[in-house]
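The values are calculated or read from the model by the stated rules, or taken from the named source; none is laboratory data. Note that the coordinates shown come from a computational prediction; the quantities given were computed from them, not determined experimentally. All Cβ positions, glycine included, derive from the backbone under ideal geometry; neighbour counts span all protein chains shown. Only protein heavy atoms, including side chains, enter the accessible area calculation; ligands, DNA and RNA are left aside. Shrake-Rupley method; radii C 1.70, N 1.55, O 1.52, S 1.80 Å.
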Amino acid sequence: MPARPQAPALSPAATRVFQQLVMSGDASRTALAGDTGLTPGAITRAVRPLLEAGLLDESGDRVSSEGALGRPATMVTVRAGAHQVIGVKITADQMFGVVADLRCQVLDEVTVPVPDLRPEAVVDQVAELATRLREGRPEVGGIGLAVSGDVDAATGHVAYSPFLGWRDVPLGEQVARRTGLTTTVENDVRALLTGERWYGVGRGLSSLALVTVGTGIGCALLVNGQVVHGSFGVAGEVGHVLVDPEGPLCHCGNRGCVEAIAGSAAILSRVADAGLRAASVGEVAELARAGQPDAVRVLTDAGRAIGTGIATIANLLGAQHILITGEALGSDYDVMDPHVREAFEERAFGSAAKSGIELRPLRFVDWARGAAACSVEHFVTHFGRS
Ligand SMILES: [Zn+2]
């Protein structure tokens, strides 16, 4: 593929049009004008540099707009493969990478073990993974990294990642130097939220909360159409909302946090305290389905803790939609679902109970797609700016 010509600076209107098209895939010029509030002339000016850069096509089909006498409307389509990105989710034991196009469709994926967690070793591995995924793909221009913990997306620094044992790691800078790719770094749950905002349930919403249930309880928030980063890199810590002042000790030093009751480690330790043997939340769920009272009690408490935590989010933010997701959700956690909803309905104040609640299993690829979505977002919002 020929190199793209030097990108011209996009106007704010053109950036909006580009964003709209990347989210929807295609649209008629008329629909774009309707969605963005721009005049047809402004749409033409916005689309031109993107057509010239090879990022959009005008399909040539002319479809009639509503009404038999409506003027023909030209369809504008994103050339999804024209810019590709790598998304990588880094965990303490494995690294999961994807190549995705501008519509965040996964074109290839690779998982590798992480034997050495020292930052320099992980950067080497990210660079190797990127080399593998870029092979034969000159369209790859960016890489997005998703890491759990306290991440400063603006600088690409990982301030603190307990699972990785990292403090103050300039990850973005190091990966950019090694790969030569435009690099973004984001907290993993906020990366998932970004994926949902651009390509999933968050499209068109101004507020959304995403809660992840696993070893830890993570949360990311979209408020007024913006992902909340928190003044100090921390926001929406629903895992540490107090549910029971007399409850179990949390690793944060407090008692009775959501995470100390509903995190998978907490669930396993609570059933062990009751004398039950279970190696996974799935096994606890099996025992609960069979009617084992301690397993039922532990999972009921866990579901209610999550429901209370999300009611707190709804009461504070009035989020339009709350997505609760996790690798085990939908199978192992089905026992908890009714308790999540029941506690939410009890605790959500007035109209806050109107928030849509959705429980959905999480595939590991979704994390890497979220990281890729952050890289696409950066490309779209910075296109034409150096
Ligand atoms: Zn806590």
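Ignoring chymotrypsin sites (Phe, Trp or Tyr not before Pro) that are buried or in helix or strand per DSSP, and keeping those with at most 13 other beta carbon atoms within 10 Å, what is the longest stretch of the chain between them?
1-231
Tally up the carbon and sulfur contribution to the accessible surface of the chain as a whole percent, 1.4 Å probe, everything protein left in place.
Whole-percent figure for carbon plus sulfur exposure: 50.
Rounded, prolate or oblate: which fits the range 300-375 when a ≥ b ≥ c are the square roots of the eigenvalues of the alpha-carbon gyration tensor, with rounded for a/c under 1.5 and prolate only if a/b beats b/c?
oblate
Out of all DSSP beta bridges in the range 134-195, what portion is antiparallel? Express it as a percent rounded to 5.
Of all bridge pairs located within the range 134-195, approximately 50 percent are antiparallel.
With labels modelled as points extended 7 Å from the Cα through the Cβ direction, what inter-label distance (nm, one decimal) is found for residue 254 paired with residue 48?
Each label point is offset 7 Å from its Cα along the Cβ direction, giving 5.6 nm.
What's the extension gain from residue 105 to residue 92 if we count 0.36 nm per residue and subtract their Cα-Cα distance?
2.1 nm
What are the trypsin sites (Lys or Arg not before Pro) within the range 184-290 that DSSP puts in a loop, where the Cβ has at most 11 other Cβ atoms within 10 Å?
277
Among DSSP bridges having both ends in the chain, what percentage is antiparallel? Round to the nearest 5.
60 percent
Of the beta bridges DSSP finds with both residues in the range 180-339, what % are antiparallel, to the nearest 5?
65 percent
Given a 1.4 angstrom probe, what's the average accessible area per residue across the range 94-235, in square angstrom?
In whole numbers, the range 94-235 has 41 Å² accessible per residue.
So how much accessible area does residue 28 have, in Å² to the nearest 10, using a 1.4 Å probe?
20 Å²
Specify the inter-centroid distance of the range 318-384 and the range 93-169, based on alpha-carbon positions, in whole Å.
22 Å
Rounded if a/c is under 1.5, else prolate if a/b beats b/c, else oblate: with a ≥ b ≥ c from the C-alpha gyration tensor eigenvalues square-rooted, which is the range 119-274?
It is prolate, given that a/c is not under 1.5 and a/b is the larger ratio.
Leaving out ligands, DNA and RNA but keeping every protein chain, what accessible area does residue 77 have, in Å² rounded to the nearest 10, with a 1.4 Å probe?
40 Å²
Taking GluC sites (Glu not before Pro) as candidate sites, keep only those in a DSSP loop with at most 14 other Cβ atoms within 10 Å, then name the longest stretch of the chain containing none of them.
The longest uninterrupted stretch comes out as 247-386.
Using the Cβ atoms and a cut-off under 12 Å, what net charge is assigned to the surroundings of residue 10, where Lys and Arg are +1 and Asp and Glu are -1?
Within the 12 Å Cβ shell, the charges total +3.
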